[in-house]
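Heads up: the structure comes next, in structure tokens.
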Amino acid sequence: MSDEEGELQDEEGNVIPRLANTLPNRFHKMPNLVELHLGYYGKGNPLKTLPNSVYSLQFLKKLDASSCRLTELPAEINQLTSLEELWLSGNFLISLPKSIGDLKKLKSLWVNYNQLNGIPATLEFCESLEGIYAHGNQIEFLSTALCRIPNLKHLGVGRNRIKFLPKNMGELVNLEEAWLNDNHIRELPQSMFELQSLRTLWMSSNQLTSLDKRVGRLSELSELSLSKNRLTTLPCSPGRLHPAQVLQLDDNKLVALPKSLNNLAHLEELWLNGNAVKEIPEGLYMISNMRKPA
């Protein structure tokens, strides 16, 4: 119910605070502010735009404007020269300004579940950037420039519309985790099998019809998800992925498994449901770490 002045109240008469849809343009009066939290994913303030004075905060290291109904990020974002973390998930952003590439100290960029049609190529100039998280957008391709981000370790672009990956993926020499699930990818570029730091590769819900035998070169890979593709056979090379702990092959068209999988001594989870496999290599039953029944 509401009182005469329009304040919302609960059944006990306590005032329920309203979400702010505007903020005073006075952030310049807090010049030493290091973190600014205006929202978090799922529960932000319906601001639509950020006050201009926010961009005067020269010492700001973290800006969280998740779920604030933002429709645009202005070019002035590059004035936040100390920014290390930028959280913008759950908004209505269609694009990011090219000037975001001026943020030399930026370490992580969170833009999940917006309406982005691409990621600015200028991010290659963010020399400190370690993580890009852009799940659930409308991205159709990744620029080759993104593969030149020198310190990128985490790339999350699942649930987009990507059909092809850049041929120079192998330049991401520090990449440890790649979430590429729920796209329209039909093959992996050859250079990707040179990523010696890669530990997690999620390729589920794509359109792979085969797996390149060079996957065995990913010597540090511990999690490989190939669920919900169109695989009919597997090469023997996955058996060389000795650190592998998780192997997801469910919902493909497999009829047999290579005996080389017996070599995966550290395997803890093996997903095979939704295939036509009739026989499992005997050695798999001897792996003591196995937790997920085949």
To the nearest 20 debye, what is the magnitude of the charge dipole of the chain about its Cα centre, counting +1 on the Cβ of each Lys and Arg and -1 on the Cβ of each Asp and Glu? 1220 debye
Gyration tensor on Cα atoms of region 225-265, a ≥ b ≥ c root eigenvalues, a/c under 1.5 rounded, else prolate if a/b beats b/c, else oblate, says oblate
Could you please put 154, 28, 184 in sequence from largest to smallest accessible area, using a 1.4 Å probe? 28, 184, 154
Of every hundred units of 1.4 Å-probe accessible area on region 129-222, the number belonging to carbon and sulfur atoms, as a percent, is 43 percent
Taking +1 at the Cβ of each Lys and Arg and -1 at the Cβ of each Asp and Glu, which of 232, 111, 185 sits farthest along the dipole of region 100-238 towards its positive end, judged by Cα position relative to the Cα centre? 232
Are there GluC sites (Glu not before Pro) in region 57-130 that DSSP puts in a loop and that have at most 15 other Cβ atoms within 10 Å, and which ones? 72, 127
Report, in cubic angstrom per residue, the convex hull volume of the C-alpha atoms of region 144-294. 90 Å³
Please give the Cα centre distance for region 124-194 versus region 203-278, rounded to the nearest Å. 21 Å
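The values are calculated or read from the model by the stated rules, or taken from the named source; none is laboratory data. None of these values were measured; they are calculated from a predicted model. No Cβ is skipped: glycine too gets one built from the backbone with ideal geometry, and neighbour counts run over all protein chains shown. What goes into the accessible areas is simple: the full protein's heavy atoms, side chains included, and nothing from ligands, DNA or RNA. Shrake-Rupley method; radii C 1.70, N 1.55, O 1.52, S 1.80 Å.
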